[in-house]
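The structure appears right after this line, and notes come after that.
The values are calculated or read from the model by the stated rules, or taken from the named source; none is laboratory data. Everything numeric in this text was worked out from a predicted model, so none of it was measured. All Cβ positions, glycine included, derive from the backbone under ideal geometry; neighbour counts span all protein chains shown. Protein only, heavy atoms only, side chains kept; ligands, DNA and RNA dropped before computing areas. Shrake-Rupley method; radii C 1.70, N 1.55, O 1.52, S 1.80 Å.
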Amino acid sequence: MFISHLTVPEADRGELERHFRHRSGLVDGFPGFLYLQLLRPQAGEATHTFLTAWESREAFREYMRSREHAESHAREPGEIMGRTQVRHEAFEVLMDSRTQPEWLA
């Protein structure tokens with residue numbers, strides 16, 4: 001799981017949300033991609049959190065080296081992203097309520 005915490009200036013928030021609603025969708029068919037979510041926190045410093053879930057770390061790494069990733073990020077609103085603070089985090093999923101945990105399998 002890869003999470004980006006975005007701190008977006010207030011004046012840019014609506015436009016950033018519109019950008020994500022009209023995203024290219026290039027990642028959707030990429031091998032190993034599960035889903036993505038754009039979250040608007042109810043509290044805290046970040047104004048938005050962007051989450052992508054993958055079948056494996058290797059699938060995520062392959063996407064990061066791909067043409068699809070390059071094209072998708074080339075579409076980002078550069079002016080807004082230039083004013084946005086971004087913090088990235090990577091997580092290993094230990095449990096997912098949608099699947100049986102490995103330790104019970």
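Of note:
- In order through segment 20-33: 3J(HN,Hα) via Karplus (6.51 cos²θ - 1.76 cosθ + 1.60), integer Hz, x for Gly, Pro: 5, 5, 10, 5, 6, x, 4, 6, 4, x, 6, x, x, 6
- Applying both filters, DSSP loop and at most 15 other Cβ atoms within 10 Å, to the chymotrypsin sites (Phe, Trp or Tyr not before Pro) of segment 1-100 gives PHE91.
- Per residue, the chain exposes an accessible area of 70 Å² to a 1.4 Å probe, with every protein chain left in place.
- Just so you know, the averaged projected area of the alpha carbon convex hull for segment 50-105 sits at 5.3 nm².
- Selection from THR52, MET95, MET81, by position along the positive dipole direction of segment 3-105 (Cβ): MET81
- Solvent-accessible area, 1.4 Å probe, carbon plus sulfur percent, for the chain: 51
- Residue range of the chain that is longest and free of GluC sites (Glu not before Pro) which are both DSSP loop and sparsely packed (at most 10 other C-beta within 10 Å): 46-91
- Using the rule -39500 (n - 2.57) for each DSSP H run of four or more residues, divided by the residues of the chain, the 222 nm mean residue ellipticity is -7500 deg cm²/dmol.
- Using C-alpha pairs under 8 Å with a sequence gap of at least 6, the mean separation divided by the residue count of the chain gives a relative contact order of 41 percent.
- Cα centre as origin, Lys/Arg/Asp/Glu Cβ charges: the chain dipole, Debye: 180
- Near the amide H of LEU39, within less than 5 Å, lie the amide hydrogens of THR49, PHE50, LEU51, all on another chain or at least 5 residues away, with H placed in the peptide plane.
- Sparsely packed loop sites in the chain (the trypsin sites (Lys or Arg not before Pro) outside DSSP H, G, I, E and B with at most 15 other Cβ atoms within 10 Å) comprise ARG23, ARG65, ARG75, ARG83, ARG98.
- For the chain, built as a Gaussian network whose Cα springs stay under 10 Å, the top-fluctuating residue of GLY44, GLY29, GLY78: GLY44
- Phi-based couplings in Hz for segment 87-100 (Karplus 6.51, -1.76, 1.60; Gly and Pro marked x): 10, 9, 9, 10, 10, 9, 7, 8, 8, 9, 4, 7, 10, 6
- Oblate is the label for the chain, because the ratio a/c of its alpha-carbon gyration tensor axes (a ≥ b ≥ c) is 1.5 or higher and a/b is not greater than b/c.
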